[in-house]
Amino acid sequence: QVQLVESGGGLVQPGGSLRLSCAASGSIFSIRTMGWYRQAPGKQRELVAAITSGGSTNAADAVKGRFTISRDNAKNTVYLQMNSLKPEDTAVYYCNANTTTYDYWGQGTQVTVSS
């Protein structure tokens, strides 16, 4: 079992920044990849960015150059630094931990970009 606790969401103006955090606990040795997904109202959940246990990263085209995913292995925490936020980034952001047998999800944190 893996437990994920997210933090860092909120309301920000267009052009602003936020940093999301996801702290993992439990069977963290089984985690292969961690990522951030988001789901806007009326839309499907989509991958935002992911990072492997080896540190390789990938990001959706919509956020490349603006969002950066990173991890602190000592703290078992993954971060999503979001810069130059746009209204279309508004969504609930979910942390994901992928293991060999299961996908674990956090409870989600709301990010709202609005003036």
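Annotations
- In order along region 101-115, the Karplus-derived 3J(HN,Hα) couplings, from 6.51 cos²θ - 1.76 cosθ + 1.60 at θ = phi - 60°, round to 10, 7, 9, 10, 10, x, 7, x, 9, 7, 10, 10, 10, 7, 8 Hz, and Gly and Pro are given as x.
- Solvent exposure of region 1-69, expressed per residue, is 55 Å² of accessible area, with all protein chains present and a 1.4 angstrom probe.
- Over the chain, Cα pairs under 8 Å with separation of 6+ residues give a relative contact order of 37 percent.
- Here the contact order of region 51-115, divided by its residue count and restricted to Cα pairs under 8 Å and six or more residues apart, works out to 23 percent.
- A 1.4 Å probe, protein heavy atoms only, puts the accessible area of residue 4 near 20 Å².
- Residues in region 71-115 average 50 Å² of solvent-accessible surface per residue, probe 1.4 Å, ligands and nucleic acids excluded.
- Taking the DSSP beta bridges with both ends in the chain, the antiparallel portion is around 95 percent.
- Within-11-Å neighbourhood charge of residue 34 [Cβ basis; K, R +1; D, E -1]: +1
- Of the residues 34, 109, 55, the one whose Cα sits farthest towards the positive end of the charge dipole of the chain is 55 (charges of +1 on Lys and Arg Cβ, -1 on Asp and Glu Cβ, taken about the Cα centre).
- Interchain or long-range residues, amide H under 5 Å from residue 27's placed H: 2, 3
- For the options 65, 15, 42, a Gaussian network treatment of the chain with springs between C-alpha atoms closer than 10 Å singles out 42 as fluctuating the most.
- Accessible-area composition of the chain, carbon plus sulfur, in percent [1.4 Å probe]: 47
- Chymotrypsin sites (Phe, Trp or Tyr not before Pro) within region 46-115, DSSP loop, no more than 15 other Cβ atoms inside 10 Å: 102
- Charged-residue dipole, Cβ positions (Lys, Arg, Asp, Glu), the chain about Cα centre, Debye nearest 20: 100
- Candidates per trypsin sites (Lys or Arg not before Pro) in region 1-78, loop by DSSP, up to 16 other Cβ within 10 Å: 43, 45, 64, 66, 75
- Restricting the GluC sites (Glu not before Pro) of region 1-107 to loop positions (DSSP other than H, G, I, E, B) with no more than 10 neighbouring Cβ atoms within 10 Å leaves nothing.
- Cut-off 14 Å between beta-carbons: net charge of the residues surrounding residue 112, Lys and Arg +1, Asp and Glu -1: 0
The values are calculated or read from the model by the stated rules, or taken from the named source; none is laboratory data. On a predicted model such as this, the values are computed, not experimentally measured, just so you know. Reconstructed Cβ throughout: ideal geometry from the backbone, glycine too, with neighbour counts over all protein chains shown. Each accessible area value is taken on the protein alone, full model and side chains, heavy atoms only, with ligands, DNA and RNA left out. Shrake-Rupley method; radii C 1.70, N 1.55, O 1.52, S 1.80 Å.
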